[in-house]
1. Can you give me the angle between helix 3-28 and the longest principal axis of the chain, using Cα atoms only, in degrees from 0 to 90, rounded to the nearest 10?
2. How many nm separate the modelled label positions at residue 42 and residue 21, each set 7 Å beyond the Cα in the direction of the Cβ?
3. Taking 32 Å as the cut-off for C-alpha to C-alpha distance, list the pairs among 6/68; 23/63; 18/73; 8/63; 23/68 that go past it.
4. Can you tell me the accessible area per residue over the chain, all protein chains present, probe 1.4 angstrom, in square angstrom?
5. Let me know the charge dipole size of the chain about its Cα centre in debye, to the nearest 20, where only the beta-carbon of Lys, Arg (+1) and Asp, Glu (-1) is charged.
6. Tell me which of 43, 76, 62 sits at the most positive position along the dipole axis of the chain, charges placed on C-beta atoms (Lys, Arg +1; Asp, Glu -1).
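The values are calculated or read from the model by the stated rules, or taken from the named source; none is laboratory data. Since we're looking at a predicted model, the values are computed, not measured. Please note: Cβ atoms are built from the backbone with ideal geometry, for glycine as well, and neighbour counts cover all protein chains shown. Side chains are part of the model used for accessible areas, which takes the heavy atoms of the whole protein and leaves out ligands, DNA and RNA. Shrake-Rupley method; radii C 1.70, N 1.55, O 1.52, S 1.80 Å.
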Amino acid sequence: MNQEEKIKELEYELFLLKHAFFKLHDSMAPNLKSRYYELLSHGFTEQEVNELDRFFMWVYGTKNYPTKEEMRKKWQI
């Protein structure tokens, strides 16, 4: 098994673990949803969540509210 195949296998195992985690969470605590949980369940990485938090803190601190177009450019929506 070469390096690329190992990486693909690990990525698949990580996908399965995430899926199992979210299914377990949904069955055990369906009403307990945090913002962080929701962002992760929609495919955001921890780094993207942290970047989003920093951006919102910057907006709050400077009171420089971006337009919809600026948001779309920054987050490629």
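1. 70
2. 1.8
3. As for pairs spanning more than 32 Å Cα to Cα, those are 6/68; 23/63; 8/63; 23/68.
4. On a per-residue basis, 91 Å².
5. 460
6. 62
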